[in-house]
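The values are calculated or read from the model by the stated rules, or taken from the named source; none is laboratory data. Remember, predicted model here, so these are calculated numbers, not experimental data. All Cβ positions, even for glycine, are placed from backbone atoms using ideal geometry, and neighbour counts span all protein chains on display. The area values use the complete protein model at the heavy-atom level, side chains included, leaving out ligands, DNA and RNA. Shrake-Rupley method; radii C 1.70, N 1.55, O 1.52, S 1.80 Å.
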Amino acid sequence: MQALAHPVLVLDAHDRVAQANAAAEALFEMSAAQLDGLALAGLLPGSAVVELVSQCRAQGRSVAGWELQLATARGGRLVADLHTAVLPEARGMIVLTLSVRTARQRLDQGLSHRGAARSVVGLAEMLAHEVKNPLSGIRGAAQLLQASVDPGDRALTDLIVDEVDRICALVNRMDAFSVAAETRREPVNIHEVLERVRRLAQSGFARHVRFAERYDPSLPAVSGDRDQLIQVMLNLVKNAAEATPREGGEIHLATRFQYGARATRRDGGPAVALPILVSIQDNGAGIPEAVRPHLFEPFVTSKTNGSGLGLALVAKIVGDHGGLIEFDSQPRRTCFRLMLPIAEGGPLLHAS
Ligand SMILES: Nc1ncnc2c1ncn2[C@@H]1O[C@H](COP(=O)(O)OP(=O)(O)O)[C@@H](O)[C@H]1O
Ligand SMILES: [Mg+2]
(Lines give C-alpha, C1' and ligand atoms only; values in the text may rest on other atoms or scores of the structure.)
(Ligands and ions follow the chains in the order given, each with its own letter.)
Protein backbone atom coordinates (compact mmCIF):
# COMPACT_ATOMS: atom_id res chain seq x y z
CA MET A 1 0.00 0.00 0.00
CA GLN A 2 2.86 2.39 0.84
CA ALA A 3 4.42 1.74 -2.55
CA LEU A 4 1.33 2.65 -4.58
CA ALA A 5 1.52 5.82 -6.63
CA HIS A 6 -2.13 6.69 -5.98
CA PRO A 7 -3.48 8.03 -2.71
CA VAL A 8 -5.21 5.24 -0.77
CA LEU A 9 -7.32 5.58 2.37
CA VAL A 10 -8.79 2.76 4.41
CA LEU A 11 -11.98 3.87 6.17
CA ASP A 12 -13.53 2.28 9.24
CA ALA A 13 -17.23 1.58 9.68
CA HIS A 14 -17.83 5.24 10.64
CA ASP A 15 -16.10 6.74 7.61
CA ARG A 16 -13.02 7.67 9.59
CA VAL A 17 -9.50 7.18 8.30
CA ALA A 18 -8.00 3.97 9.63
CA GLN A 19 -4.96 3.92 7.37
CA ALA A 20 -3.39 6.19 4.75
CA ASN A 21 -0.48 5.58 2.38
CA ALA A 22 2.38 7.96 1.53
CA ALA A 23 0.66 9.30 -1.59
CA ALA A 24 -2.39 10.20 0.53
CA GLU A 25 -0.16 12.00 3.02
CA ALA A 26 1.27 14.05 0.18
CA LEU A 27 -2.13 14.82 -1.31
CA PHE A 28 -3.72 15.97 1.92
CA GLU A 29 -0.51 17.61 3.18
CA MET A 30 -0.82 15.72 6.47
CA SER A 31 1.12 12.90 8.04
CA ALA A 32 -0.44 9.46 8.51
CA ALA A 33 -0.65 10.22 12.24
CA GLN A 34 -2.56 13.42 11.56
CA LEU A 35 -4.90 11.67 9.15
CA ASP A 36 -5.61 8.79 11.53
CA GLY A 37 -9.17 8.98 12.83
CA LEU A 38 -10.20 11.99 10.74
CA ALA A 39 -13.72 11.96 9.36
CA LEU A 40 -13.91 11.65 5.58
CA ALA A 41 -16.45 14.48 5.44
CA GLY A 42 -13.91 16.81 7.05
CA LEU A 43 -11.08 15.67 4.84
CA LEU A 44 -12.87 16.25 1.55
CA PRO A 45 -15.54 18.76 2.53
CA GLY A 46 -18.54 19.39 0.30
CA SER A 47 -17.69 16.70 -2.20
CA ALA A 48 -19.53 13.74 -3.65
CA VAL A 49 -17.05 11.35 -2.06
CA VAL A 50 -19.04 10.76 1.13
CA GLU A 51 -22.08 9.93 -0.93
CA LEU A 52 -20.16 7.47 -3.11
CA VAL A 53 -18.79 5.74 -0.03
CA SER A 54 -22.23 5.29 1.50
CA GLN A 55 -23.46 3.97 -1.83
CA CYS A 56 -20.62 1.46 -1.74
CA ARG A 57 -21.62 0.39 1.78
CA ALA A 58 -25.29 0.07 0.89
CA GLN A 59 -24.67 -2.01 -2.21
CA GLY A 60 -21.77 -3.97 -0.78
CA ARG A 61 -19.73 -3.59 -3.93
CA SER A 62 -17.29 -1.25 -5.66
CA VAL A 63 -18.34 2.21 -6.78
CA ALA A 64 -16.38 4.62 -8.96
CA GLY A 65 -16.65 8.33 -9.63
CA TRP A 66 -14.97 10.16 -12.48
CA GLU A 67 -13.48 13.63 -12.68
CA LEU A 68 -14.77 14.72 -9.31
CA GLN A 69 -13.98 18.26 -8.24
CA LEU A 70 -12.46 17.99 -4.80
CA ALA A 71 -11.26 20.49 -2.24
CA THR A 72 -8.97 19.29 0.52
CA ALA A 73 -9.16 20.50 4.11
CA ARG A 74 -5.85 22.38 3.57
CA GLY A 75 -7.44 24.35 0.73
CA GLY A 76 -5.98 22.49 -2.26
CA ARG A 77 -8.18 21.92 -5.30
CA LEU A 78 -7.98 18.96 -7.61
CA VAL A 79 -9.84 16.85 -10.09
CA ALA A 80 -9.67 13.14 -9.40
CA ASP A 81 -11.18 9.78 -10.24
CA LEU A 82 -12.30 7.74 -7.27
CA HIS A 83 -12.69 4.03 -6.61
CA THR A 84 -14.13 2.48 -3.51
CA ALA A 85 -14.20 -1.19 -2.55
CA VAL A 86 -15.31 -3.11 0.51
CA LEU A 87 -12.58 -5.01 2.33
CA PRO A 88 -13.91 -8.55 2.58
CA GLU A 89 -11.63 -9.55 5.46
CA ALA A 90 -12.52 -6.61 7.71
CA ARG A 91 -16.17 -5.89 8.42
CA GLY A 92 -17.29 -2.37 7.59
CA MET A 93 -13.91 -1.29 6.23
CA ILE A 94 -13.70 0.43 2.86
CA VAL A 95 -10.71 1.11 0.64
CA LEU A 96 -10.79 4.38 -1.22
CA THR A 97 -8.36 5.03 -4.07
CA LEU A 98 -7.95 8.39 -5.77
CA SER A 99 -6.25 9.03 -9.03
CA VAL A 100 -5.51 12.66 -9.44
CA ARG A 101 -6.18 13.94 -12.94
CA THR A 102 -3.76 16.81 -12.95
CA ALA A 103 -0.56 14.91 -12.23
CA ARG A 104 0.23 14.14 -15.85
CA GLN A 105 -0.77 17.61 -17.05
CA ARG A 106 1.35 19.16 -14.34
CA LEU A 107 4.43 17.27 -15.42
CA ASP A 108 3.80 18.23 -19.05
CA GLN A 109 3.48 21.85 -18.03
CA GLY A 110 6.73 21.64 -16.11
CA LEU A 111 8.60 20.17 -19.04
CA SER A 112 7.39 22.76 -21.52
CA HIS A 113 8.94 25.47 -19.36
CA ARG A 114 12.33 24.06 -20.18
CA GLY A 115 11.85 24.96 -23.82
CA ALA A 116 11.08 28.53 -22.84
CA ALA A 117 14.27 28.70 -20.81
CA ARG A 118 16.38 27.36 -23.68
CA SER A 119 15.17 30.08 -26.03
CA VAL A 120 16.38 32.71 -23.55
CA VAL A 121 19.89 31.30 -23.58
CA GLY A 122 20.27 32.00 -27.29
CA LEU A 123 18.79 35.44 -26.87
CA ALA A 124 21.15 36.24 -24.00
CA GLU A 125 24.19 35.31 -26.04
CA MET A 126 23.02 37.33 -29.02
CA LEU A 127 22.42 40.36 -26.81
CA ALA A 128 25.83 40.12 -25.20
CA HIS A 129 27.60 40.18 -28.55
CA GLU A 130 25.41 42.24 -30.83
CA VAL A 131 24.07 44.83 -28.44
CA LYS A 132 26.52 45.39 -25.63
CA ASN A 133 29.52 46.28 -27.79
CA PRO A 134 27.79 48.90 -29.97
CA LEU A 135 26.22 50.38 -26.85
CA SER A 136 29.55 51.34 -25.34
CA GLY A 137 30.42 53.02 -28.65
CA ILE A 138 27.19 55.03 -28.63
CA ARG A 139 27.74 56.06 -25.03
CA GLY A 140 31.29 57.22 -25.70
CA ALA A 141 30.24 59.21 -28.76
CA ALA A 142 27.46 60.96 -26.82
CA GLN A 143 29.93 61.91 -24.10
CA LEU A 144 32.30 63.41 -26.68
CA LEU A 145 29.45 65.41 -28.20
CA GLN A 146 28.57 66.76 -24.77
CA ALA A 147 31.70 68.91 -24.80
CA SER A 148 30.87 70.65 -28.07
CA VAL A 149 27.08 71.06 -28.21
CA ASP A 150 25.10 74.12 -27.03
CA PRO A 151 24.29 74.00 -23.34
CA GLY A 152 20.62 73.83 -24.39
CA ASP A 153 21.22 70.58 -26.24
CA ARG A 154 23.11 68.95 -23.36
CA ALA A 155 19.82 67.54 -22.10
CA LEU A 156 19.68 65.48 -25.28
CA THR A 157 23.16 63.97 -24.93
CA ASP A 158 22.40 63.28 -21.26
CA LEU A 159 19.30 61.48 -22.41
CA ILE A 160 21.33 59.31 -24.78
CA VAL A 161 23.77 58.37 -22.02
CA ASP A 162 21.00 57.60 -19.53
CA GLU A 163 19.05 55.47 -21.93
CA VAL A 164 22.14 53.57 -23.00
CA ASP A 165 22.87 52.87 -19.34
CA ARG A 166 19.35 51.56 -18.92
CA ILE A 167 19.74 49.17 -21.85
CA CYS A 168 23.15 48.08 -20.50
CA ALA A 169 21.60 47.24 -17.16
CA LEU A 170 18.99 45.12 -18.92
CA VAL A 171 21.58 43.31 -21.00
CA ASN A 172 23.67 42.69 -17.89
CA ARG A 173 20.67 41.07 -16.25
CA MET A 174 20.41 38.80 -19.29
CA ASP A 175 23.99 37.66 -18.71
CA ALA A 176 22.69 35.34 -16.02
CA PHE A 177 21.12 33.29 -18.81
CA SER A 178 24.24 32.54 -20.77
CA VAL A 179 25.47 28.96 -20.62
CA ALA A 180 28.77 30.17 -19.21
CA ALA A 181 27.14 30.29 -15.79
CA GLU A 182 27.92 26.69 -14.74
CA THR A 183 25.58 24.91 -12.38
CA ARG A 184 27.49 23.40 -9.48
CA ARG A 185 26.32 20.21 -7.84
CA GLU A 186 26.88 20.17 -4.14
CA PRO A 187 24.70 19.45 -1.12
CA VAL A 188 22.68 22.58 -0.35
CA ASN A 189 20.66 23.16 2.80
CA ILE A 190 17.47 24.51 1.26
CA HIS A 191 16.25 25.83 4.61
CA GLU A 192 19.34 27.94 4.97
CA VAL A 193 18.69 29.29 1.45
CA LEU A 194 15.05 30.07 2.24
CA GLU A 195 15.86 31.74 5.56
CA ARG A 196 18.50 33.89 3.91
CA VAL A 197 16.08 34.99 1.22
CA ARG A 198 13.38 35.67 3.80
CA ARG A 199 15.71 37.89 5.85
CA LEU A 200 16.82 39.72 2.73
CA ALA A 201 13.21 40.23 1.66
CA GLN A 202 12.05 41.42 5.06
CA SER A 203 14.73 44.04 5.32
CA GLY A 204 13.82 45.38 1.87
CA PHE A 205 11.09 44.83 -0.67
CA ALA A 206 8.89 42.67 1.58
CA ARG A 207 8.88 44.84 4.67
CA HIS A 208 5.06 44.95 4.66
CA VAL A 209 4.64 41.18 4.41
CA ARG A 210 4.12 38.60 7.15
CA PHE A 211 6.07 35.41 6.56
CA ALA A 212 5.13 31.95 7.78
CA GLU A 213 7.38 28.91 7.45
CA ARG A 214 6.51 25.26 7.53
CA TYR A 215 9.75 23.38 7.04
CA ASP A 216 10.17 19.63 7.15
CA PRO A 217 13.06 19.30 9.61
CA SER A 218 14.15 15.89 8.33
CA LEU A 219 14.56 17.04 4.73
CA PRO A 220 17.80 15.89 3.11
CA ALA A 221 20.10 18.24 1.22
CA VAL A 222 19.29 19.37 -2.31
CA SER A 223 21.80 18.68 -5.04
CA GLY A 224 22.53 22.02 -6.63
CA ASP A 225 24.15 25.40 -6.83
CA ARG A 226 23.58 27.44 -3.69
CA ASP A 227 23.93 30.86 -5.32
CA GLN A 228 21.61 29.95 -8.16
CA LEU A 229 19.03 28.52 -5.76
CA ILE A 230 19.13 31.75 -3.76
CA GLN A 231 18.43 33.60 -7.01
CA VAL A 232 15.45 31.34 -7.73
CA MET A 233 13.91 31.80 -4.29
CA LEU A 234 14.59 35.52 -4.36
CA ASN A 235 12.80 35.94 -7.70
CA LEU A 236 9.80 33.91 -6.51
CA VAL A 237 9.58 35.69 -3.15
CA LYS A 238 9.92 39.06 -4.87
CA ASN A 239 7.02 38.29 -7.20
CA ALA A 240 4.99 37.03 -4.25
CA ALA A 241 5.72 40.20 -2.27
CA GLU A 242 4.83 42.39 -5.23
CA ALA A 243 1.53 40.54 -5.59
CA THR A 244 0.46 40.77 -1.95
CA PRO A 245 -1.82 43.56 -0.77
CA ARG A 246 -0.33 46.53 1.11
CA GLU A 247 -2.28 45.51 4.20
CA GLY A 248 -2.33 41.92 5.40
CA GLY A 249 0.16 40.54 2.88
CA GLU A 250 1.29 36.99 3.64
CA ILE A 251 3.87 34.66 2.16
CA HIS A 252 4.09 31.01 3.17
CA LEU A 253 7.32 29.13 2.64
CA ALA A 254 7.12 25.37 2.99
CA THR A 255 9.26 22.33 2.33
CA ARG A 256 8.26 18.72 2.23
CA PHE A 257 9.65 15.34 1.22
CA GLN A 258 7.49 13.96 -1.55
CA TYR A 259 7.70 10.36 -2.63
CA GLY A 260 7.28 9.47 -6.24
CA ALA A 261 7.95 12.73 -8.13
CA ARG A 262 10.16 11.98 -11.08
CA ALA A 263 11.16 13.69 -14.27
CA THR A 264 12.65 12.43 -17.49
CA ARG A 265 16.06 13.82 -18.30
CA ARG A 266 16.85 16.01 -21.25
CA ASP A 267 19.65 13.69 -22.31
CA GLY A 268 17.23 10.77 -22.37
CA GLY A 269 18.84 9.07 -19.34
CA PRO A 270 16.84 7.34 -16.63
CA ALA A 271 14.21 9.41 -14.87
CA VAL A 272 15.51 11.25 -11.81
CA ALA A 273 13.64 11.41 -8.53
CA LEU A 274 12.68 14.92 -7.44
CA PRO A 275 11.58 14.31 -3.87
CA ILE A 276 12.29 17.75 -2.45
CA LEU A 277 9.29 20.00 -2.68
CA VAL A 278 9.57 23.71 -1.94
CA SER A 279 6.47 25.87 -2.14
CA ILE A 280 6.09 29.62 -2.05
CA GLN A 281 2.56 30.82 -1.62
CA ASP A 282 1.13 34.31 -1.39
CA ASN A 283 -2.29 35.81 -0.78
CA GLY A 284 -2.17 38.28 -3.66
CA ALA A 285 -4.71 38.81 -6.41
CA GLY A 286 -3.45 35.88 -8.49
CA ILE A 287 -1.63 35.60 -11.80
CA PRO A 288 -3.39 37.59 -14.53
CA GLU A 289 -5.09 35.27 -17.03
CA ALA A 290 -3.32 36.93 -19.96
CA VAL A 291 0.23 36.10 -18.84
CA ARG A 292 -0.42 32.52 -17.68
CA PRO A 293 0.23 30.61 -20.91
CA HIS A 294 3.62 32.32 -21.33
CA LEU A 295 4.52 32.88 -17.70
CA PHE A 296 8.04 31.43 -17.91
CA GLU A 297 9.01 33.10 -21.16
CA PRO A 298 11.26 36.16 -21.07
CA PHE A 299 9.76 39.66 -21.26
CA VAL A 300 6.32 38.47 -20.17
CA THR A 301 5.17 40.91 -17.53
CA SER A 302 2.01 42.59 -16.29
CA LYS A 303 3.93 45.28 -14.38
CA THR A 304 4.58 48.79 -15.64
CA ASN A 305 8.25 48.60 -14.71
CA GLY A 306 8.60 44.84 -14.93
CA SER A 307 11.38 43.19 -16.92
CA GLY A 308 9.62 39.85 -17.29
CA LEU A 309 12.96 38.14 -16.69
CA GLY A 310 12.42 36.86 -13.15
CA LEU A 311 10.51 33.69 -13.95
CA ALA A 312 12.45 33.04 -17.15
CA LEU A 313 15.61 32.88 -15.05
CA VAL A 314 13.84 30.69 -12.50
CA ALA A 315 12.83 28.26 -15.27
CA LYS A 316 16.37 28.18 -16.65
CA ILE A 317 18.01 27.47 -13.29
CA VAL A 318 15.43 24.89 -12.25
CA GLY A 319 15.87 23.19 -15.63
CA ASP A 320 19.67 23.19 -15.23
CA HIS A 321 19.15 21.42 -11.90
CA GLY A 322 17.00 18.79 -13.59
CA GLY A 323 14.06 19.98 -11.48
CA LEU A 324 10.50 20.99 -12.21
CA ILE A 325 8.43 24.03 -11.40
CA GLU A 326 4.66 24.39 -11.50
CA PHE A 327 2.14 26.89 -10.25
CA ASP A 328 -1.49 27.22 -9.49
CA SER A 329 -3.18 30.47 -8.90
CA GLN A 330 -6.51 31.75 -7.74
CA PRO A 331 -7.34 35.02 -6.00
CA ARG A 332 -5.70 35.12 -2.54
CA ARG A 333 -3.82 31.88 -3.15
CA THR A 334 -0.98 31.71 -5.65
CA CYS A 335 1.50 28.94 -5.20
CA PHE A 336 4.75 28.12 -7.00
CA ARG A 337 6.10 24.62 -6.36
CA LEU A 338 9.62 23.51 -7.04
CA MET A 339 10.66 19.89 -7.22
CA LEU A 340 14.37 19.35 -6.79
CA PRO A 341 16.77 16.41 -6.73
CA ILE A 342 18.36 15.12 -3.57
CA ALA A 343 22.13 15.15 -2.96
CA GLU A 344 23.32 11.53 -3.08
CA GLY A 345 24.60 10.45 0.29
CA GLY A 346 24.27 13.98 1.57
CA PRO A 347 23.74 14.50 5.28
CA LEU A 348 20.30 15.14 6.73
CA LEU A 349 19.86 18.83 7.35
CA HIS A 350 17.82 20.62 9.91
CA ALA A 351 15.81 23.82 9.70
CA SER A 352 17.84 26.77 10.84
N1 LIG B 1 3.08 35.48 -7.12
C2 LIG B 1 2.52 36.07 -8.20
N3 LIG B 1 1.26 36.57 -8.15
C4 LIG B 1 0.70 37.14 -9.23
N5 LIG B 1 1.30 37.27 -10.43
C6 LIG B 1 2.55 36.80 -10.55
C7 LIG B 1 3.23 36.17 -9.46
N8 LIG B 1 4.45 35.78 -9.89
C9 LIG B 1 4.53 36.17 -11.18
N10 LIG B 1 3.40 36.78 -11.59
C11 LIG B 1 3.11 37.31 -12.93
O12 LIG B 1 4.14 36.88 -13.78
C13 LIG B 1 4.72 37.98 -14.47
C14 LIG B 1 6.16 37.68 -14.79
O15 LIG B 1 6.98 37.64 -13.61
P16 LIG B 1 8.54 37.89 -13.75
O17 LIG B 1 9.06 36.97 -14.80
O18 LIG B 1 9.14 37.78 -12.41
O19 LIG B 1 8.65 39.35 -14.31
P20 LIG B 1 8.32 40.75 -13.59
O21 LIG B 1 8.25 40.49 -12.11
O22 LIG B 1 9.47 41.62 -13.95
O23 LIG B 1 7.02 41.22 -14.16
C24 LIG B 1 4.49 39.15 -13.54
O25 LIG B 1 4.49 40.38 -14.22
C26 LIG B 1 3.11 38.82 -12.96
O27 LIG B 1 2.08 39.21 -13.84
MG1 LIG C 1 9.62 39.38 -11.00
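Per-residue ellipticity at 222 nm computed for the chain from its helices equals -12500 deg cm²/dmol, with DSSP H segments shorter than 4 residues left out and the rest contributing -39,500 (n - 2.57).
Measuring spread by the Cα atoms of the chain yields a radius of gyration and Dmax of 25.0, 97 Å.
Probe of 1.4 angstrom, ligands and nucleic acids ignored: what's the accessible area per residue over the range 187-229, in square angstrom?
Details: 1930 Å² over 43 residues.
Each residue of the range 187-229 exposes 45 Å² on average to a 1.4 Å probe.
Label-to-label distance for ALA41 and SER54 is 0.8 nm, based on points extended 7 Å past Cα in the beta-carbon direction.
Taking the 1.4 Å solvent-accessible surface of the chain as the whole, the part contributed by carbon and sulfur is 54%. Solvent-accessible surface (1.4 Å probe) assigned to HIS6 amounts to roughly 90 Å².
For MET126, the solvent-accessible surface computed with a 1.4 Å probe is close to 90 Å², ligands and nucleic acids excluded.
If a paramagnetic tag sat 7 Å from the Cα of LEU159 along the Cα-Cβ line, which residues of the range 124-142 would have the backbone N under 17 Å from that point? Only 139, 142 fall inside the zone, counting backbone N under 17 Å. Counting only lysines at least 8 places from LYS132 when in the same chain, those with an alpha carbon closer than 26 Å to its own are LYS303, LYS316.
What is the sum of charges, Lys and Arg at +1 and Asp and Glu at -1, for the other residues whose Cβ falls under 14 Å from the Cβ of THR157?
-4
Counting only protein heavy atoms and a 1.4 Å probe, the range 1-70 has 51 square angstrom of accessible area per residue. Counted residue by residue at 0.36 nm each, then reduced by the alpha carbon distance between them, the extension gain from ALA90 to GLU247 reaches 51.2 nm.
Considering only beta bridges that DSSP places wholly inside the range 181-310, some 65 percent are antiparallel.
Scanning the chain for DSSP H helices at least 20 Å long along the axis (C-alpha atoms) with a Kyte-Doolittle mean no lower than -1.0 picks out 102-130, 132-148, 154-174, 226-243. Using a probe of 1.4 Å, the accessible surface attributed to ARG333 totals some 50 Å² when neighbouring protein chains are kept in position.
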